[in-house]
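Structure, as structure tokens:
The values are calculated or read from the model by the stated rules, or taken from the named source; none is laboratory data. On a predicted model such as this, the values are computed, not experimentally measured, just so you know. Glycine gets a Cβ as well: all are built from the backbone with ideal geometry, and neighbour counts include every protein chain shown. With ligands, DNA and RNA removed, areas are computed over all heavy atoms of the protein, side chains included. Shrake-Rupley method; radii C 1.70, N 1.55, O 1.52, S 1.80 Å.
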Amino acid sequence: MTVIEPHEVVSCLAQDKAAADGQALVQLMFIDADLMPVGTGRPRFHEVTYPDRSLFNGIAALHRGLAHGEDELDFESSLIHLLNVLLARHADAPGAASPTLRPRALRQVREMLHSQLNSNIKLDDLAAVAGCSKRHLIRSFRQAYGVPPHHYRTLLRLARAKSMLAAGRSVAETAAELGYCDQSQLNRHFRREFGMSAGGYARSVR
């Protein structure tokens, strides 16, 4: 994995040239500065390349999610988690942590998640309601409710999905009504949380 800091100019590395000659795909990801920690200075990386297999696999999964139209709130929250891992393992990240959000701001974010359950809400939308950075929102929401906003919304959707499936609705209808891009996305979330597909759950309760 190659990390290039802002305003740095780096020529193509030897391993990248070798990969290009072999017609391998080199993917780039440009990080919004708002996703980085706010403090007395920006994080500093002392190397250009890092042999970190688990972090590489996580970033590769993000690229696949982009290609398959993964939900934006899930995607951006996963990106921030991977940035936290990157900074913790490989960077000097100065600056004191920001205080947690006030309960009223967090309640407004939670109410938005409840009221727009079938919408493709973005982390920018939630941060605007809370009046803080996206990174600060995720940290404060997790401290208050035990999970980050995207996971909280997933749990809300799955609870509603279980009720709909038990009432006889099809998997396709349930996925569409709850804002999933297709039923395979609903099935992925179902398996992740409950160890079975949405169709398997429907058969077990009817």
TODO: Looking only at region 70-85, decide whether some residue is over 20 Å from Ile4 (Cα atoms) and either assigned to a loop (DSSP other than H, G, I, E, B) or out of contact with any helix residue (DSSP H, G or I) (no Cβ under 8 Å at 6 or more places or on another chain) (or both).
DONE: yes
Open item on the list: Being over 19 Å from Glu70 (Cα atoms) and aromatic (Phe, Trp, Tyr): is that true of Tyr145 here?
Closed with: yes
TODO: Would you please list the contacts, defined by Cβ atoms under 8 Å and residues six or more apart or on different chains, that run from a residue in region 70-85 that is on the phi > 0 side of the Ramachandran plot to a residue that is surrounded by fewer than 19 Cβ atoms within 10 Å (Cβ to Cβ)?
DONE: none
Open item on the list: Let me spell it out: the conditions are (1) within 20 Å of Asp71 (Cβ to Cβ); (2) open to solvent by 60 Å² or more (accessible area, probe 1.4 Å); (3) over 14 Å from the mean Cα position of the chain (by Cα), and Gly131 meets all of them except one. Which number is the exception?
Closed with: (1)
- [ ] Please state which of the following conditions Asn187 fails to meet, knowing it meets all the rest: (1) in a helix (DSSP H, G or I); (2) open to solvent by 50 Å² or more (accessible area, probe 1.4 Å); (3) not hydrophobic (A, V, I, L, M, F, W, C).
- [x] (2)
Task: Qualifying residues in region 148-179 (those that are of a type in the set (Lys, Arg) and within 13 Å of Asn118 (Cα to Cα)) - the one most open to solvent (accessible area, probe 1.4 Å) - done: Arg160
